[in-house]
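A.B. asks: First the structure, then my questions, so here it is.
Just so it is clear, none of the values below were taken in a lab; they were calculated from the coordinates. Since the model is a prediction, treat every value here as computed from it, not as a measurement. Reconstructed Cβ throughout: ideal geometry from the backbone, glycine too, with neighbour counts over all protein chains shown.
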Amino acid sequence: MNKHIVGRHFELTDSIKEYVDGAVDGLEKYNLDIISVTTLINAGTKKGLSVEFVINLKDKNTIVITQNDKDAYAAIDIAIERVKKSLRRHADKIKGHRIMSFKDMGSDAEAVTNFDTKDIELVPMDLELHKPLDFDEAIDALKAEDKRQFIVFNDHDGNMRVMYKRADGKFGLY
């Protein structure tokens, strides 16, 4: 992880650099691939000091947190807490959408190597049933059927559209 600390109109002391460096090191506990963290401390604002963290993550994700305060340490503390909250949310989102793999299934999981085609029955389908419909044919098909709630058809521009039955008996169109 690359770390950069920049002071604009502000003299960076060794204690502030160490404080920011220690705070940034604490971000590694989220196990995200953090590429770089840039900390900008700007004293040229009307509200006192402005502390901005720019965190570049893997897969082109960037998190930017800006905090204003009179005290540099207070601004850094509040900004780091906001960064941690944002990283925690990002980590939870990634973990929630994890793709199941054989490693996640445990040691008993095995891939299917032999596929027996003797027991498979192929049913031929009439392609006439699946020809593209136009607008009038789609309305007639929905009126004729009670079970089907929507139907896909081609419009006059060749785009696929979806027609559906509404609860009031009218038809909707996507």
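A.B. asks: Can you tell me what percent of all Cα-Cα pairs in the stretch 1-89 are more than 15 Å apart?
C.D. replies: 54 percent
A.B. asks: At R0 = 35 Å, how high is the FRET efficiency between Y174 and K3 if r is their beta carbon distance? Nearest 0.05 is fine.
C.D. replies: Numbers: r = 49 Å, r/R0 = 1.40.
Result of the calculation: an efficiency of 0.10.
A.B. asks: Something else: What's the extension gain from I35 to E81 if we count 0.36 nm per residue and subtract their Cα-Cα distance?
C.D. replies: Gain on extension, I35 to E81, equals 14.6 nm.
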